[in-house]
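Here the structure comes first, spelled out in structure tokens, and everything after it is commentary.
The values are calculated or read from the model by the stated rules, or taken from the named source; none is laboratory data. On a predicted model such as this, the values are computed, not experimentally measured, just so you know. Cβ: placed from backbone, ideal geometry, glycine included. Neighbour counts: every protein chain shown. Calculation scope for accessible area: heavy atoms of the full protein, side chains included, ligands and nucleic acids excluded. Shrake-Rupley method; radii C 1.70, N 1.55, O 1.52, S 1.80 Å.
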Amino acid sequence: MQQFLHDLSLYSVAHIVPAILSLGALMLFTRTFNPSMFGRYSLSLAVAGIISTLLYGWLNYSVLRYAPQLDEEVVIRNTFSLYIGITLVLLVVAGGGYLLFSDRLGPYAVFYFAALALALARGGLQVLLSFFRSVLDSQRVTLFRLVRAVVEVGLAIVLAVFVLDHIVGWVWAAAIGMTVACALAFATSKQLRAAPLFDRETVGRLFSYGVPMVGFIIGDAFLVQADRVLLEVLAGSAAVGIYSSNYMLVDRGLRLVYTPLTNAISPIIIDSWEEDNEREIADLLNTFTRYFALLGIPALVGVAVLSQTVSTLLIGDDFTAGYVVIPLVAVGLFLWSLGNLVQVVVEIKEKTGLLSYGIITIIGLNIALNVPLITAFGYPGAAVATMVSYGLYCAFALVLSKRYISWRFPRVSLRNAVLSGMLMALPTVALYATGSYSVPASFVTAAAGSALYFAVLYVIGEIDQTEVVKLRQFVA
């Protein structure tokens with residue numbers, strides 16, 4: 001518990017500061033560039049993310065799984081060799097692709113090399129962060145994420161607004177920020193200052209664990225980004241820009257809660273696994289899943305009820321109509337994060353190929369939902385398809401996890417959290433229902449609802465005085 005609270009506090013800082021800086025950049029750029037240009041920027045990020053995840057994502061999971069179990073230096077040295085080899089192949093393919101297809105890129109040509117640089121830098125930084133997460137060094141993870149965010153946003157303003165007068169400057173700034181963070185990691189960590197190594201046995205273990213997850217990893221990225229691609233085809237760049245800007249608001253907001261939780265919980269469970277302690281792992285998963293539900297539901301409700309408020313305040317007027325997608329995406333992100341948390345059982349059991357089969361099936365369902373829903377409803381239809389797809393993956397992960405370890409999902413705690421969340425939403429819902437909505441009033445009712453949420457949990461016995469005292473002791 002002490003390790004969890006320590007890591008959670010640091011990971012929260014590692015996400016809060018970058019999220020605030022990112023929201024500041026979003027406020028500026030949605031007022032500087034039109035929805036079509038912002039849509040092209042979003043698609044460029046999507047392509048860079050998919051390429052980086054496809055090529056390097058399996059390495060992240062392998063490092064997270066084996067660095068605590070095997071020799072740390074051997075794992076990271078072999079990881080360096082794999083990263084260098086993958087990067088060289090990508091550079092050759094990308095160079096040839098540009099020579100062959102540059103005349104067909106149109107307005108996306110200016111994003112080509114910026115997206116390539118971002119994919120390379122993102123792949124390197126994520127591998128390094130996975131290594132430090134695996135050895136429970138949350139301080140370094142926090143430091144490198146903060147450095148990346150500060151450099152990225154500072155450079156984005158300079159490059160996009162003053163130097164290039166084009167939103168591609170934000171992509172270049174992101175790539176440079178990640179590169180600076182990687183350089184700092186090497187400069188400050190003796191663990192990383194080692195020559196690349198190719199040990200066949202270690203590489204084989206990394207491959208056998210990580211490569212079967214490629215389907216899941218690319219599916220993860222595809223589920224996040226497919227709706228943007230389909231919106232571009234079916235509704236145009238402006239729809240992508242409106243949808244993406246509002247999606248970024250809810251994504252940045254909820255990940256302030258969900259990502260620190262999952263980043264803190266998963267390594268602890270993996271580090272605790274000893275292959276014969278299933279009862280201990282089951283208890284850990286039950287406890288941490290309960291915490292996730294109790295903390296995740298109020299975050300979901302808060303973002304949902306303030307959707308119009310945050311969209312009005314934080315992004316340009318041309319984008320605010322898309323606030324209707326925020327509650328739908330919020331529900332989807334909660335379910336997706338819960339699924340990512342419980343799938344740790346499948347990861348420690350090294351049955352990672354099953355995750356790929358599941359996500360590929362859900363991708364097919366996602367596309368089947370997106371096409372008719374976008375055609376009929378535009379970007380709100382994309383939000384519905386996202387929510388349903390994330391929910392299906394959560395159900396799949398829950399069923400699969402119980403196949404390999406018999407653990408008790410905290411149904412009563414989830415029910416109590418949902419009930420309290422519904423009551424939490426009532427004050428703000430009443431504003432809309434009575435026609436009394438205003439931005440200041442929405443903040444007041446949201447604050448009152450938050451207090452009501454925890455009061456209800458206390459009254460119904462979900463949180464008792466003993467638990468509060470224990471929490472204070474751990475924090476102290």
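Structure notes:
- Among the candidates Leu295, Leu206, residue that is closer than 24 Å to Asn60 by Cα, at pLDDT 85 or above and not acidic (Asp, Glu): Leu206
- Selected residue (criterion: modelled with the highest pLDDT) from residues of segment 209-223 that are more than 13 Å from Leu54 (Cβ to Cβ) and open to solvent by less than 30 Å² (accessible area, probe 1.4 Å): Tyr209
- Test: Gly332 is under 19 Å from the mean Cα position of the chain (by Cα), farther than 14 Å from Ser401 by Cβ and buried (at least 24 other Cβ atoms within 10 Å of the Cβ): yes
- Meets criteria (touching a residue at least 12 places away in the same chain (Cβ under 8 Å), part of a helix (DSSP H, G or I) and farther than 19 Å from Ala46 by Cα) for Leu223: no
- Of all the listed residues (Ala187, Ala195, Ala238), the sole one being open to solvent by 30 Å² or more (accessible area, probe 1.4 Å), assigned to a loop (DSSP other than H, G, I, E, B) and of a type in the set (A, V, I, L, M) is Ala195.
- For Leu426: the one exception among (1) open to solvent by 60 Å² or more (accessible area, probe 1.4 Å); (2) within 17 Å of Leu230 (Cβ to Cβ): (2)
- Where helices (runs of 4 or more DSSP H) sit wholly within segment 61-158, those with at least 1 residues that are open to solvent by 30 Å² or more (accessible area, probe 1.4 Å) and over 23 Å from Ala14 (Cα atoms) occupy 72-101, 112-134.
- Pairs meeting the criteria (first residue in segment 88-115 and free of Cβ contacts under 8 Å to residues at least 60 places away in the same chain and at positive phi, second residue outside any helix (DSSP H, G or I) and surrounded by 11 or more Cβ atoms within 10 Å (Cβ to Cβ), beta carbons under 8 Å, at least 6 apart or on different chains) are lacking.
- Pick from segment 270-289, criterion part of a helix (DSSP H, G or I) and crowded, with 19+ Cβ neighbours inside 10 Å, ranking: farthest from the chain's Cα centre (by Cα): Ile281
- Matching option when the condition is aliphatic (A, V, I, L, M), modelled with pLDDT of 90 or more and within 23 Å of Asp283 (Cβ to Cβ), among Leu373, Leu400: Leu400
- Tyr56 touching a residue at least 24 places away in the same chain (Cβ under 8 Å) and open to solvent by less than 20 Å² (accessible area, probe 1.4 Å): yes
- Between Ser389, Ser450, Ser420, Ser401, the distinction of being more than 26 Å from Gln308 (Cα to Cα), out of contact with any Ser or Thr (no Cβ under 6 Å at 6 or more places or on another chain) and polar (S, T, N, Q) belongs to Ser401 only.
- In this structure, Phe288 does not satisfy being touching a Pro at 6+ places or on another chain (Cβ under 9 Å) and among the aromatic types (Phe, Trp, Tyr).
- Exclusive hit being more than 21 Å from Asp227 (Cβ to Cβ) and part of a helix (DSSP H, G or I), set Leu8, Leu54, Leu26, Leu45: Leu8
- Counted residues, segment 159-175 - those being in contact (Cβ under 8 Å) with a residue 40 or more places away in the chain, part of a helix (DSSP H, G or I) and crowded, with 20+ Cβ neighbours inside 10 Å: 7
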